[in-house]
Amino acid sequence: MTHPNQTPIPELYVSADAAAALKDEAGAMPSWDLTPRQLCDLELLMNGGFNPLKGFLTQADYDGVVNDMRLTSGALWPMPINLDVSEKFAEGLEPGTDIALRDQEGVILAIMSVTDKWTPNKSLEAEKVFGADDVAHPAVNYLHNVAGPVYLGGPIKGLQAPTHYDFRARRNTPNELRAMFKKLNWQRVVVFQTRNPLHRAHQELTFRAAREAQANLMIHPVVGMTKPGDVDHFTRVRCYEAVLDKYPSATTTLSLLNLAMRMAGPREAVWHGLIRKNHGATHFIVGRDHAGPGKNSAGEDFYGPYDAQDLFRQHQDEIGVEMVDFKHMVYVQERAQYEPADEIEEGVTVLNISGTELRRRLREGLEIPEWFSFPEVVQELRRNSPPRAKQGFTVFFTGLSGSGKSTVANALMVKLMEMGGRPVTLLDGDVVRKHLSSELGFSKEHRDINIKRIGYVASEITKNGGIAICAPIAPYTATRRAVREMIEAGGAFVEVHVATPLEECERRDRKGLYKLAREGKIKEFTGISDPYEEPKTPELRLDTTDIDVDGAAHQVLLKLEGMGLIGLS
Ligand code: PPS
């Protein structure tokens, strides 16, 4: 019988000699510094993980993918893979030009022959690919607020793979995995995709899935980009390695996939299937709400719980990978074992700990029982997320000029320093503009740069266990969200809207700026001639009209205490 992985998958790398020659030429080409997401996409394009793609999508392929999940060749492909760039870079770049694609250190990884350049209809892309033009969806937010406005398409010549310094032995190209499965004579391979730490229930369900399919198992976690707020991949991989020891030896392997997920539910499941086919899988586990993005802005799920399974099943033959149903496993106390929820008789005691409850226990340093997770995994998770009262956090004040942000922020800083325990840094709007952002004005572009700088500094402080207090106007929702995502990767983000009304701010006019703005002597003044988008769901809203500074700072302290970030006793 021929092995399913008899033939290698085509890669886009050129020979070493050709790469050396092209590298010389590439120095003179226009060059694009890849974003973290593009870097992930490029790696999988070059190593065949995105086979049959030969480069970033052309406009015709993009249209086909967006509308019908098909390339112009007719092949199934559900996800647009584009090189999104700035208007400035695209300007004057004619189709027919070769460009050098560089990593964040400036190393040339590939050359792209640009054949197409166009401005996409992003709202249409959001509707068709992600099901709704709603920025509550992380990929739709990315599309509108992070991705560049112009797309470039064209074939790629790969010069070298991106360098990874972490977990090298666990990173495999599709062809490395195919060769390994062939060598081990693994004829049937069930793949489990994950972006979360694995607990006992996952170990049980994956092993059961492999046994039922009479196959070997590959745990294939995503370590590229996952959902904002997920546990970082360093911690997760240490957890996966601990879980790997729990499977009977030689039945199971672990490999890391440098994919940038889009959280696109059904389309994402099909995409994951195609990628895994390239990596040598014969079977793929698709669960309830596979690659789900969470709730939409109306508080409802973006996709039905079984939409992903339905779409996968529909295209299973073409994908070339058989879907394995994800069994919901629960712990039966009387028998001290995991069993599929749908096979359990009435009357027995079923135990479960939800993701939210697990996070609460970790946050508060509470017990996590052994029936739920392996002690090694719990230890890793605890190391990664110490109790909240020991973590860093950011208090981010936002509000109009003169609303009282700086005054309350100052009072809060002093009170936190009086309490001691963690270093406190105040990044006040005016101070930042003097030291970090002295060259910036008040256009939308400049305000965004200013806020992102503040966010970056605050995220570093937070990650390292300190307290950052920020007090800029920060008038734009999308920018505040970007800062939140940056900071939440390393600790808590507490948004405080200082909602003092415009009339009151103008009445105070402490710096005399409102008068000048009314007279037209200051342009683009927030609240007068420039927008302020009010936060919809801040952690706290303060109106300083009727409370004094002490009272306002105390409200913030109470909020911090309520969130477990400080102890007030
Ligand atoms: S932003 O929008 O967040 O980047 O603004 P920020 O860095 O907080 O700077 C606001 C302070 O700059 C002064 N100032 C102006 N504010 C708003 N609009 C215009 N056009 C403007 N020009 C100068 C003003 O003193 C703000 O300080 P605060 O402390 O908010 O009153």
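Only loop residues by DSSP count here, and only those with at most 10 other Cβ atoms within 10 Å; note down the GluC sites (Glu not before Pro) in segment 1-104 that meet that. Show your work: numbers first, answer last.
On the way: sites: Glu11, Glu25, Glu43, Glu87, Glu91; in loops: Glu11, Glu91.
Qualifying residues, ordered by number: Glu91.
On full extension of the chain, what length is gained from Glu25 through Arg518, given 0.36 nm per residue of separation minus the C-alpha to C-alpha distance?
171.8 nm
Ranked from highest to lowest mean number of other Cβ atoms within 10 Å per residue, what is the order of the peptides 267-273, 366-372? Intermediate results must be reported in sequence, preceding the final value.
Details: 267-273: 26.3, 366-372: 13.6.
Packing order, densest peptide first, comes out as 267-273, 366-372.
Helix 200-212 versus the longest principal axis of the chain: what is the Cα-based angle in degrees, 0 to 90, to the nearest 10?
Result, in degrees: 20.
Using DSSP to define loop residues, name the GluC sites (Glu not before Pro) in segment 476-569 whose beta-carbon has at most 14 other beta-carbon atoms within 10 Å.
When the GluC sites (Glu not before Pro) of segment 476-569 are filtered for loop state and at most 14 Cβ neighbours within 10 Å, Glu519, Glu533 remain.
Just the ratio, please: alpha-carbon radius of gyration of segment 373-416 over 2.2 N^0.38 Å, N its number of residues.
Ratio of Cα Rg to 2.2 N^0.38 Å: 1.90.
Using alpha carbons only, how many degrees (0 to 90, rounded to 10) separate the axis of helix 477-488 from the longest principal axis of the chain?
So the inclination is approximately 70 degrees.
What distance in nm lies between label points placed 7 Å from Cα along the C-beta direction at Thr72 and Thr251?
4.9 nm
Any chance you could give the angle, 0 to 90 degrees and rounded to 10, that helix 233-244 forms with the longest Cα principal axis of the chain?
Its long axis makes an angle of about 40 degrees.
Please give the FRET efficiency for Gln187 paired with Arg208, using the beta carbon to beta carbon distance and R0 = 25 Å, rounded to the nearest 0.05. Could you put the intermediate results ahead of the total?
Numbers: r = 19 Å, r/R0 = 0.77.
Given R0 = 25 Å and the Cβ-Cβ separation, E is 0.85.
Work out the charge dipole of segment 228-379 with +1 on the Cβ of Lys and Arg and -1 on the Cβ of Asp and Glu about the Cα centre, then indicate which of Thr251, Pro228, Ser373 is farthest towards its positive end.
Pro228
Just subtract the alpha-carbon distance of Lys463 and Trp118 from 0.36 nm times their residue separation and send over the number in nm, one decimal.
On the way: separation 345, 0.36 × 345 = 124.20 nm, distance 3.90 nm.
Computed gain between Lys463 and Trp118 is 120.3 nm.
Just to verify a number: FRET efficiency for Gln337 and Asp166, C-beta to C-beta distance, R0 = 41 Å, to 0.05? Mind showing how you got there, number by number?
Details: r = 35 Å, r/R0 = 0.87.
Taking R0 as 41 Å, the efficiency between Gln337 and Asp166 is 0.70.
With the Cα gyration tensor of segment 293-418 giving a ≥ b ≥ c as the square roots of its eigenvalues, does the rule (a/c under 1.5 for rounded; else a/b larger than b/c for prolate; else oblate) give rounded, prolate or oblate?
In terms of gyration-tensor shape, oblate.
Just want to confirm a number: the relative contact order over the chain, from Cα pairs under 8 angstrom separated by 6+ residues, in percent.
11 percent
Once you order the gyration tensor axes a ≥ b ≥ c over the Cα atoms, which shape class does segment 294-366 get: rounded for a/c under 1.5, otherwise prolate or oblate by comparing a/b with b/c?
oblate
How big is the Rg/Rh ratio for segment 337-408, C-alpha atoms only, Rh by Kirkwood, two decimals?
1.27
Before rounding to the nearest 500, sum -39500 (n - 2.57) across all DSSP H runs of length at least 4 in the chain and divide by the residue total; then give [θ] at 222 nm in deg cm²/dmol. Don't skip to the answer; put the middle values down first.
Values: 20 runs with 212 residues, N = 569.
Calculated from helices alone, the mean residue ellipticity at 222 nm is -11000 deg cm²/dmol.
So which trypsin sites (Lys or Arg not before Pro) in segment 485-520 end up in coil per DSSP with only 12 or fewer other C-beta atoms within 10 Å?
Here the sparse-neighbourhood loop sites are Arg510, Lys511.
Length gain on complete extension for the stretch Val549 to Glu370, per 0.36 nm per residue less the alpha carbon to alpha carbon distance?
Full-extension gain reported as 59.6 nm.
For a test of the definition: using alpha carbon positions, the gyration tensor, and the 1.5 limit on a/c, classify segment 436-535 as rounded, prolate or oblate. Working shown, then result.
Numbers: a/c = 2.34, a/b = 1.88, b/c = 1.25.
Prolate.
From the gyration tensor of the Cα coordinates in segment 181-226, what semi-axes in whole Å does the equivalent ellipsoid have, largest first, with each one equal to sqrt(5λ)?
Three semi-axes, in Å: 20, 15, 6.
Could you give the C-alpha radius of gyration of segment 1-111 expressed as a fraction of 2.2 N^0.38 Å, taking N as the number of residues it contains?
On the way: Rg = 15.7 Å, N = 111, 2.2 N^0.38 = 13.2 Å.
Taking the Cα Rg and dividing by 2.2 N^0.38 Å, one obtains 1.19.
Give me the percent relative contact order of segment 127-263, please, defined on Cα pairs under 8 angstrom at least 6 residues apart.
Numbers: 138 pairs, mean separation 35.9, N = 137.
Dividing the mean separation by the residue count of segment 127-263 yields 26 percent.
Enumerate the amide H contacts of Met218 below 5 Å, restricted to partners 5 or more residues apart or on another chain; note that Pro and chain-start residues carry no placed amide H.
Distant-sequence amide H within range of Met218: Val190, Val191, Phe192, Thr253.
Taking the Kirkwood radius as the inverse of the mean 1/r across Cα pairs, report the Rg/Rh of segment 98-172. Each step should come with its number before you reach the end.
Details: Rg = 16.1 Å, Rh = 15.0 Å.
In segment 98-172, Rg relative to Rh is 1.08.
Give the calculated FRET efficiency between Arg510 and Asn352 to the nearest 0.05, with a Förster radius of 45 Å applied to their Cβ-Cβ distance. List each step's numbers first, then the result.
Details: r = 55 Å, r/R0 = 1.22.
With a Förster radius of 45 Å, E is 0.25.
For segment 359-488, with equal point scatterers placed on the C-alpha atoms only and solvent neglected, what are the log10 I(q)/I(0) values from the Debye formula at q = 0.10, 0.15, 0.16, 0.17 1/Å, to two decimals?
Each listed q corresponds, in turn, to -0.40, -0.76, -0.82, -0.89.
Output the relative contact order of segment 186-331, whole-number percent, from Cα pairs under 8 angstrom with separation of 6+ residues.
The normalised contact order for segment 186-331 reaches 27 percent.
Report the far tail of the P(r) of the chain, meaning the percent of Cα-Cα pairs longer than 31 Å.
Working: 90166 of 161596 pairs.
Cα-Cα pairs in the chain separated by more than 31 Å: 56 percent.
What whole-number distance in Å separates the alpha-carbon centres of segment 505-569 and segment 359-377?
Cα centroid to Cα centroid, the span is 39 Å.
What is the distance in Å between the Cα centres of segment 123-148 and segment 171-234?
So the separation of the two Cα centres works out to 28 Å.
Size of the dipole of the chain about the Cα centre, Lys and Arg at +1 and Asp and Glu at -1 on the beta carbon, nothing else charged, in debye to 20?
1140 debye
How big is the charge dipole of segment 20-90 about its Cα centre, in debye rounded to the nearest 20, if each Lys and Arg gets +1 on its Cβ and each Asp and Glu gets -1 on its Cβ?
In debye, rounded to 20, segment 20-90 gives about 120.
Values in this text are rule-based calculations from the coordinates and carry no lab data. Because the structure is a prediction, the values reported are computed rather than measured. With ideal geometry, Cβ positions are generated from the backbone for all residues, glycine too; neighbour counts draw on all protein chains shown.
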